[in-house]
Amino acid sequence: MKIIIIGGVAGGATAAARLRRLDEKAEIILFEKDEYVSYANCGLPYHIGGSIQERDELFLQTPEGFKSRFEIDVRVKSEVIAINIERKSVAVRDLKTGTEYEEEYDKLVISTGAKPIKPPISGIENKNIFSLRNVPDMDRIKSFVTEKNAKSAVIVGAGFIGVEMAENLKELGVSVTIVEQADQVMGIVDYPMAAMVHQYLRSRKINLLLKEKITAFDPDGEAVVVKTESQKSIPADMVILSIGVTPESDLAKEAELEIGSLGGIKVNDYMQTSNVDVYAVGDAVEVRNLITGKPALIPLAGPANKQARAAADNIIMGNKRVYKGTIGTSIAKVFDMTVASAGASERLLSQEGIVYKTSISHAGSHAGYYPGALPLTVKINFSPEGKLLGAQVVGFDGVDKRIDLLAQVIRNGGTIYDLQEIEHAYAPPFSSAKDPVNMAGFIAENILTGRVKIIQWDDLWKVDPEAMILDVRTKEEFEFGHIENAINIPLDELRGRLSEIPTHLPVYLYCAVGLRGYTASRILLQHGYTAIYNLSGGYKTYSCVLQDQRTIAGDSIIECDFFPVIRDDGEIKIEPAKKIVVDACGLQCPGPIRELKKNYDGLSVGEQLTIKVTDQAFGQDLNAWCNMVGAKLIDMDQSGGVISATVEKTEAKSLSIPTQGNSMKGSDTKTLIVFSDDLDKALATFVIANGMLAAGKKVSIFFTFWGLSVIKQQNKANVEKDFISKMFGMMLPSHSRKLGLSKINMMGAGSKMMRSVMKDKHIDSLEDLMRQAIEGGAELIACSMSMDVMGIKKEELVEGITIGGVATYLERAEQSNINLFI
Ligand code: FAD
């Protein structure tokens, strides 16, 4: 048998190898119009960015390898220009010589793939505009970036390839703007999931322009200006077009093979075209979408490979192997984030008129009590009968295994009840006893059985304005941000405050992620309330979708080289004599800076230390800290939610002594006056003071009037007091543990809550912060005049306090360029 294959990459190369394994005697000829065959096009963006360093790694097989191992005749630079169905032959143009010839076949496999869409926009042929389909495209992009020293790029289209290219160009130090016509990136996931990607891309300093249509590419010297319908002009050194692909089905069409309504080659369950001797696979064909049952274009490598194997089997063994269809399971890396999807999105379900329900749940990648758990969000779409129709997962760790579990349930026609039954491998570093996929099933069951009624973020705007929006998070969480007009009744107070909740109006509940909201709704439903709705995905989803989704660069591109690596002044990194690694993961501000300072002090000039931190605000603080102390920031990287920064010790920064008229420059001293006895203000005092100490500053804190309570000893000293002093003593907090909050103190319950929240979040207590300040060299001065007035004795104060008057304070303040009154 003589078999001809058109196209030599994913589908074509797989079909060729499988054919040979099944039939040693067949004559197999593979035509490929490009120079290369059997390479990993999925790896192309990563060679551009440098993650795959060796170009050769991309090639899985060469024409010579095909010959020696498989006895396959691979003809590269050979374009099939026509298929003659009658004569069972193909016309081939040899692109090296320009000659044309005909080759007959018994069976033909078409695996011509899909080509990037190139819309007829003015200036689209500009030499600085690229698309990425194959190795030559990759080479062109990579050499353009290096040879032209490209500094800025516009990526048109935010599908998987667009977003992957954004990451990889950024890795090369190129400033990237993504321009997308839709209101979201990665159209195969639903909006709330995409919103998380938007926020993350913004945090990685990718300019993101959504709902923006390109109208022209205007040349501008060596660069190009991208014009949009909303009159934006974005100058860029290069443009990557990634607005999708269209099946390469022209050959088939001209040969009068049947073409489907979406433009792909029509095949049956055996991957056979309308002609019995011609099979077609991969991006060029329409396959059955297993959710809708309708034809679909799903240009993915996995399906292409499986279709090729099925086609080869059917050619050799007769039509026996059925290719059932696909659910489009896909995954993409977006810097440290992973975005994955399987089955149908809400958009597809709505388009097809399929009734569905949806639910979002936020969880950790593994048990929260084991260090390093990172956020993971699962969204499922399911039928009112419980059939799982689609699933999406976004997170930083363990996304791949969750989407694979979900995909298998969808592919097997399973339900949300099957999700509950999934038996997964569990130990704290890997998962939770109830894995996020189990949880998604439990939540869906609660919805279907009516145990909880949910409301989606976009329906909350449509509710009766009289209705109650009830926030059941803690007061602290509420104060940090809440939905407009929401009333806060923390979950733990709910049973005692039912009278505040109207029975005749709907109540829309929410918490951080949905779990406390669910518990609250169960409480209310069992107390006779009926119109109770829990916000799916909680405040996390709501606030994420309501934030600005775009990074607006206006007419110019924002320079943004903060992530992922900062190299200081381009010098070659000198290997340090001694390298210390400081693990400050889990510490909150100012803990990491304090740890940094402590270890930095022990270095000699030229030595380096690396600090690992999970507090995401650290990056900003570090730059400022380095500026202040004169440390050299060697590099900073972010991986898996952990910031890793290396600094080198330099000669201590010489600080000018303040002189008249220049008193605000370079002073080494800071002063704070603490007048208040509020816990929160005392905390602020010591957080700031420790930060100042960590920056190498001298700090004096002057405690006066009510502020003296902050520095009272916990063990009551045995001192003689007169009546008035005793009265003061009774009315004032006896030591720091008795301090109340300036707001929502609630007879001391507020301060207890604050301390408990701080403990949970691994933030140091006031007493620890105070101890650290004293150990760090802060000078604590008690106002002698106030002590006298209030009858407070030195023995009542913590050890190491200086007693001083206004003059002491003034003397310190004179030398200081920051003087805070708290
Ligand atoms: P292709 O692999 O594109 O091969 C078609 C070949 O046919 C081409 O080499 C073409 O030159 C040749 N050809 C066309 N017409 C002729 C002709 N007339 N004569 C001779 N030769 C011809 N999928 C995933 O699942 N995961 C990913 O992460 C992923 N990442 C990707 C990243 C990039 C940059 C790209 C471009 C694609 C990615 N894909 C990914 C998609 C995946 O690569 C495709 O789905 C898959 O390669 C399709 O296989 P195919 O054989 O149909 O087409």
Measure up LYS77/LYS320; LYS205/LYS540; LYS306/LYS357; LYS232/LYS379; LYS649/LYS698; LYS453/LYS743 against 23 Å on the Cα-Cα distance and list the ones that go over. LYS77/LYS320; LYS306/LYS357; LYS232/LYS379; LYS453/LYS743
Checked the range 311-417 against the a/c 1.5 cut and the a/b vs b/c comparison, axes a ≥ b ≥ c from its Cα gyration tensor; verdict oblate
May I ask you to evaluate 6.51 cos²θ - 1.76 cosθ + 1.60, the Karplus curve with θ = phi - 60°, for each residue of the range 249-259 and list the ³J(HN,Hα) values in order in whole Hz, giving x for glycine and proline? 10, 4, 4, 5, 5, 5, 7, 6, 6, 6, 10
Solvent accessible area, Å² - ARG321, 1.4 Å probe, full protein context: 100
Given points 7 Å out from each Cα along the Cα-Cβ axis, report the GLN408 to SER51 separation in nanometres with one decimal. 2.5
Within the chain: Cβ-based charge dipole about Cα centre, in debye rounded to nearest 20 (Lys, Arg +1; Asp, Glu -1): 1580
Surface per residue (accessible, 1.4 Å probe) for the chain, Å²: 45
Compute the distance in nm between two label points, each set 7 Å from the Cα along the Cα-to-Cβ direction, one at ARG737 and one at VAL276. 9.1
Could you work out [θ]222 nm for the chain from helices alone, using -39500 (n - 2.57) per DSSP H run of at least four and dividing by all its residues? Round to the nearest 500 deg cm²/dmol. -8500 deg cm²/dmol
Order TYR279, TYR809, TYR270 by their accessible area, 1.4 angstrom probe, all chains in place, largest first. TYR270, TYR809, TYR279
Tilt relative to the chain, helix 766-775 - C-alpha long axis, 0 to 90 degrees, to 10: 80
Charge dipole (debye, nearest 20) of the range 239-350; +1 at Cβ of Lys and Arg, -1 at Cβ of Asp and Glu: 460
The chain, accessible surface, carbon-and-sulfur percent (1.4 angstrom probe): 52
In whole Å and largest first, what semi-axes does the C-alpha gyration tensor of the range 53-94 yield when each eigenvalue is scaled by 5 and square-rooted? 28, 14, 8
Along the range 668-680, Karplus-curve 3J(HN,Hα) (6.51, -1.76, 1.60; θ = phi - 60°) to the nearest Hz, with x for Gly and Pro, reads 9, 10, 10, 10, 10, 10, 10, 9, 9, 10, 7, 4, 5
Whose amide H sits under 5 Å from the amide H of SER175, counting only residues 5 or more places off or on another chain, with H placed in the peptide plane? SER152, ALA153
Could you give me the ³J(HN,Hα) list for the range 629-644, computed from phi with Karplus coefficients 6.51, -1.76, 1.60 and θ = phi - 60°, whole Hz, x at Gly and Pro? 8, x, 6, 9, 7, 7, 7, 9, 9, 10, 8, x, x, 10, 8, 10
Note the full-extension length gain between ALA82 and ASP635 as 0.36 nm times their separation in residues minus their Cα-Cα distance, in nm to one decimal. 193.5 nm
Could you sort 212-220, 395-403 so that the peptide with the highest average Cβ count within 10 Å comes first and the rest follow in order? 395-403, 212-220
Rounding to the nearest 10 and keeping the result within 0 to 90°, find how far the Cα-based axis of helix 749-760 lies from the longest principal axis of the chain. 50
Starting from the residue with the highest accessible area, list TYR191, TYR600 in decreasing order, probe 1.4 Å. TYR191, TYR600
From largest accessible area down, sort PHE480, PHE70, PHE382, PHE821; use a 1.4 Å probe on the protein chains. PHE480, PHE821, PHE70, PHE382
Mean Cβ neighbour count within 10 Å, used as a protection proxy, ranking 671-683, 53-65 highest first: 671-683, 53-65
Once R0 is set to 45 Å, what does the formula 1/(1 + (r/R0)^6) return for the Cβ-Cβ distance between LYS794 and GLU476, expressed as a FRET efficiency to the nearest 0.05? 0.80
Cα-based convex hull, the chain, per residue volume (Å³, whole number): 212
Quick one: which of 156-164, 766-774 comes out on top by average Cβ neighbours within 10 Å, and what's the full order, highest first? 156-164, 766-774
What angle, in degrees between 0 and 90 and rounded to the nearest 10, separates the Cα long axis of helix 135-147 from the longest principal axis of the Cα atoms of the chain? 40
Please tell me which of these pairs span more than 30 angstrom C-alpha to C-alpha: LYS716/LYS759; LYS612/LYS716; LYS598/LYS721; LYS697/LYS794; LYS151/LYS670? LYS612/LYS716; LYS598/LYS721; LYS151/LYS670
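The values are calculated or read from the model by the stated rules, or taken from the named source; none is laboratory data. In this text, all values refer to a predicted model and were calculated from it rather than measured experimentally. Cβ sites come from the backbone with ideal geometry, for glycine too, and all protein chains shown count toward neighbours. Each accessible area value is taken on the protein alone, full model and side chains, heavy atoms only, with ligands, DNA and RNA left out. Shrake-Rupley method; radii C 1.70, N 1.55, O 1.52, S 1.80 Å.
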